[in-house]
Amino acid sequence: MDLSIVNRKSKWIWTAGSYDRDSASFLYFRKEIHLDQNVKSAVLRVSADSRYRLYVNGVSIAQGPCKGDDQVWFYDEVDIGTALRPGVNVFAAVVLRYPQQHDRGNHSIWRTDMPGLYLDGAITLEEGNELSFEADETWKCFYEDRIQLGQANPYFDPLYITETAKGNIRSQGWKQAGFDDRDWTETKAYPINQVRKAISPGGLTPRPIPFLYEKPSSFESVVCARTPDTNTDEWAKLIEAQSVVTIPPYTKAIVEISTGSEVTGFLETAFAGGAGANVSILSTESYVYPAKDRKGHLPTPAKGDRTDYIHGHLEGMPDTYRVGGFGTMEQPEEYEPFWFRTFRFVQFTVETEAEPLSFIRLSYRETGYPLEVQTKVETSDESLQAIWEISERTLRLCMHETYEDCPYYEQLQYAMDSRSQILFTYNIAADDRLARKCIDDFFRSQRYDGLTNSCYPSTGPNVIPGFAIYYILMIHDHMMYFGDKKLVEKYMPSVERVLQFFDQRLGETGLTARTSEGGMGNPYWSFVDWVATWNTGVPNAIYKGPVTFDSLLYRMGLQAAAELARYVNRFDLSVRFLKKAEVIKRAVLECCAGRDGLIQDGPGLEEYSQHAQVFAVLTDVVTGANAKGLMEKALTDETLAKCSVAMAYYLFRAVEKVGLYHKTDELWTLWRGMLAKKLTTCVEDDVMERSDCHAWGSLILYELPAIVLGVQPAEPGYASVKVSPTPGYLSWARGEVVTPKGLVKVSWEKAEDNDNINLAVEVPEGIKYVV
């Protein structure tokens, strides 16, 4: 054995002391260096297990790493040159370490058996000499045992970010020069042979997406006070940074404030005095009414007017902070929860002890993915503009280091949700950076049986078989918009494995066998959509046998895969997929044709849904006049289970395909209803309305540019552009749509005969377009 390798140290460090390994723990790392001249440049590579926030001279520089897994661990490269100065410089890092157990930490943040902080870089001084700078055993560490993380909901909370904290004078000012860290613990550097580069976290990979932005922001208004003698005018001046609010000893004050619209951000508070005071910070999406019972589910708060503070109340699990009392007006005691919160309304409950407590600052830093929206559309229906606004906001709030189903409850990247969100992103920003990461995330999640995890990154299993098909559709969408042949070639084997899962489960009838026995994990969750009459989003047909929707979704996956295979010159594979798709078509028509030409939810079952009709049309199981008749019945027959917001994209596609797009005026009523309830984002569904912000509802971001203006890729990679507007009930529309090849400008208005349109189109130079 080469002893020189054994004795060499890596650039990963951890505390040499003790901490609670079975709970989420915060550890502080710091080091001071002295520079004798100005800095020309300084670049660091930073990572951690599980999360970090890096400060230089008290200024936040970066937080990360972005979400990876046990196979890929990311590092961030940060330029700190402007943060350094001659003299003493302080490097400080907060590291959050989650235990490895899945249910004792954030589900989408991976952790390994090697907790640590990684740092490596160089500082070049103005005279040209270079100093190496890295994480080593000269750093000091402090275990902050006065902050605990817990669950907001004991039954299901994938975030695990709710804080119970106490002010700690021992760490006051630790990010600044001159702090006395002599009683801090020494650090240990991992031996280099212990940092295995074949797995996480040793095998570091560059961050594939831009850093999230952080924008200093102020609350918009004070909604109300829930306690007598609480002066709302004083709190209004506080959030405007015009004055301080002082709460007398032995006083309870409850005040509720608003951002005006839903945001994701880091809450910021600062105090003077008030030793022993308890501050409760409840971040919420809306005002709710007393809970209503749902058969087979936990009671869910009722929702209506989201701003109704008179009849409603704010509900949830708050962060709590016990004030240490060591803050002054000049050097306040500060509290900021580590992870961002999602909120529109925040309730502050303050209970003081013997000392008065002064609130010096109450603000937040808005955060999210730096999405640059370039598409603009106007139409003859003015109501669609407000729908666009809440939809764009919803998409933004569901984009951070991954796409997210909802920022308030889960922050998990689900395949079905993400497929739609990615399409929306392409159509308003032509940005595929987060999409590429999403596709690769699901690629790495693939199981032995060919299925992908339904949401990923995730430290535990969560399998919805049909969601693996949406993964295939993501790859197909990327092919059409960006035409990256190498990307398709990389993921094509995983596409084959997904389809193999369903192929191996074909029954004698030619339909796919049921993928579970019902429920949410028996053994899988066969979710389709949130429907009031379906238990946990699963068609009732599953309790009696195969579900038609599963076969139709499989057929859709085969059709998309055939085009992918043809794109990478695997023509035999493409033909094979299409042959399999025809088997499914025959089986559905032979086994699942029901009354009035409708497609049954299961073979021989007199149960029907819009979903079966929609996917029968989209996959060409039913075509031509029959397809149009099918969709007319689907839209008017009240006995059919209805598509919720979750499935609206596919419902609109079927309506468009059969020439019934004028019917969308009525379909947009669902979103107009959201506005009537004073939502500022799109609701998860119209059944339970759990989440007020779910980006599969941002449908209009696709409909207006891609359908109403008609701008779509005619060939993979936008080699040519199709401009074929679908007016529907609208009389005119105009706008510009961003594509990977540039802006396409379109305007049209209906001719006097109302059957034709007068169309004007401008496309980027060198790009051909077809109608």
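What to note about this one:
- Some residue of the range 212-223 being without any contact (Cβ under 8 Å) to a residue 60 or more places away in the chain and part of a helix (DSSP H, G or I): no
- The requirement of being under 26 Å from the mean Cα position of the chain (by Cα) and within 26 Å of Lys580 (Cα to Cα) is fulfilled somewhere in the range 533-547, by at least one residue.
- Of all residues in the range 579-592, those being surrounded by 16 or more Cβ atoms within 10 Å (Cβ to Cβ), hydrophobic (A, V, I, L, M, F, W, C) and free of Cβ contacts under 8 Å to residues at least 60 places away in the same chain number 1.
- Restricting Glu517, Glu496 to residues that are acidic (Asp, Glu) and closer than 16 Å to Leu558 by Cα narrows the list to Glu496.
- Each residue in the range 543-578 was checked for being assigned to a helix (DSSP H, G or I) and without any contact (Cβ under 8 Å) to a residue 40 or more places away in the chain, and 9 pass.
- Pairs with Cβ under 9 Å, 6+ apart, first in the range 491-517 and farther than 18 Å from Ala561 by Cβ and basic (Lys, Arg), second in a helix (DSSP H, G or I) and open to solvent by 10 Å² or more (accessible area, probe 1.4 Å): Arg514/Tyr543; Arg514/Asp550
- So Ser243, is it modelled with pLDDT of 95 or more, open to solvent by less than 30 Å² (accessible area, probe 1.4 Å) and either under 27 Å from Ser50 (Cβ atoms) or touching a helix residue (DSSP H, G or I) at 6+ places or on another chain (Cβ under 7 Å) (or both): no
- Residue count, the range 730-760 (criterion: outside any loop (DSSP other than H, G, I, E, B), in contact with a Ser or Thr (Cβ under 8 Å, 6 or more places away or on another chain) and open to solvent by less than 40 Å² (accessible area, probe 1.4 Å)): 4
- Tally of residues being under 24 Å from Gln559 (Cβ atoms), assigned to a helix (DSSP H, G or I) and of a type in the set (A, V, I, L, M) across the range 430-479: 9
- Among the strands (runs of 3 or more DSSP E) confined to the range 1-120, the ones with at least 1 residues that are in contact with a Pro (Cβ under 8 Å, 6 or more places away or on another chain) and either under 27 Å from Gln413 (Cβ atoms) or not acidic (Asp, Glu) (or both) are located at 9-15, 25-35, 39-49, 51-56, 73-79, 87-97.
- Yes/no for Phe142 being hydrophobic (A, V, I, L, M, F, W, C), within 23 Å of Phe91 (Cβ to Cβ) and either open to solvent by 80 Å² or more (accessible area, probe 1.4 Å) or over 31 Å from the mean Cα position of the chain (by Cα) (or both): yes
Each row is one residue, and each column tells you yes or no for (1) surrounded by fewer than 21 Cβ atoms within 10 Å (Cβ to Cβ); (2) aliphatic (A, V, I, L, M).
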| residue | (1), (2) |
| --- | --- |
| Tyr335 | no, no |
| Phe340 | no, no |
| Val350 | no, yes |
| Glu353 | yes, no |
| Pro356 | yes, no |
| Tyr364 | no, no |
| Glu378 | yes, no |
| Ser383 | yes, no |
| Ala386 | yes, yes |
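A quick yes/no check of all residues on (1) among the polar types (S, T, N, Q); (2) over 30 Å from Phe443 (Cα atoms); (3) touching a Phe, Trp or Tyr at 6+ places or on another chain (Cβ under 7 Å):
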{"site": "Lys11", "(1), (2), (3)": "no, no, yes"}
{"site": "Val43", "(1), (2), (3)": "no, yes, no"}
{"site": "Arg51", "(1), (2), (3)": "no, no, no"}
{"site": "Val72", "(1), (2), (3)": "no, no, no"}
{"site": "Tyr75", "(1), (2), (3)": "no, no, yes"}
{"site": "Gly87", "(1), (2), (3)": "no, yes, no"}
{"site": "Phe91", "(1), (2), (3)": "no, yes, no"}
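- Matching helices (runs of 4 or more DSSP H) fully within the range 646-729 where at least 3 residues are within 30 Å of Asp484 (Cα to Cα), at pLDDT 95 or above and aromatic (Phe, Trp, Tyr): 648-657
- Scanning the range 618-645 for residues that are among the hydroxyl-bearing types (Ser, Thr, Tyr) and open to solvent by 40 Å² or more (accessible area, probe 1.4 Å) turns up Thr623, Thr636, Thr639.
- Here the condition is being buried (at least 17 other Cβ atoms within 10 Å of the Cβ), of a type in the set (A, V, I, L, M), farther than 30 Å from Glu401 by Cβ and over 21 Å from the mean Cα position of the chain (by Cα); of Leu487, Leu553, Leu506, Leu499, it holds for Leu506 alone.
- First in the range 722-751 and polar (S, T, N, Q), second anywhere and in a strand (DSSP E or B), Cβ under 6 Å, 6 or more apart: Ser731/Lys750; Ser747/Arg734; Ser747/Ala760
- Selection count, the range 79-127, where residues are open to solvent by 50 Å² or more (accessible area, probe 1.4 Å) and either within 19 Å of Phe26 (Cβ to Cβ) or in contact (Cβ under 8 Å) with a residue 60 or more places away in the chain (or both): 8
- Any hit, the range 398-406, residues being touching a strand residue (DSSP E or B) at 6+ places or on another chain (Cβ under 9 Å), modelled with pLDDT of 95 or more and open to solvent by 10 Å² or more (accessible area, probe 1.4 Å): no
The values are calculated or read from the model by the stated rules, or taken from the named source; none is laboratory data. These numbers were taken from a predicted model, which means no experiment stands behind them. We place every Cβ from the backbone using ideal geometry, glycine too, and count neighbours over all the protein chains shown. Only protein heavy atoms, including side chains, enter the accessible area calculation; ligands, DNA and RNA are left aside. Shrake-Rupley method; radii C 1.70, N 1.55, O 1.52, S 1.80 Å.
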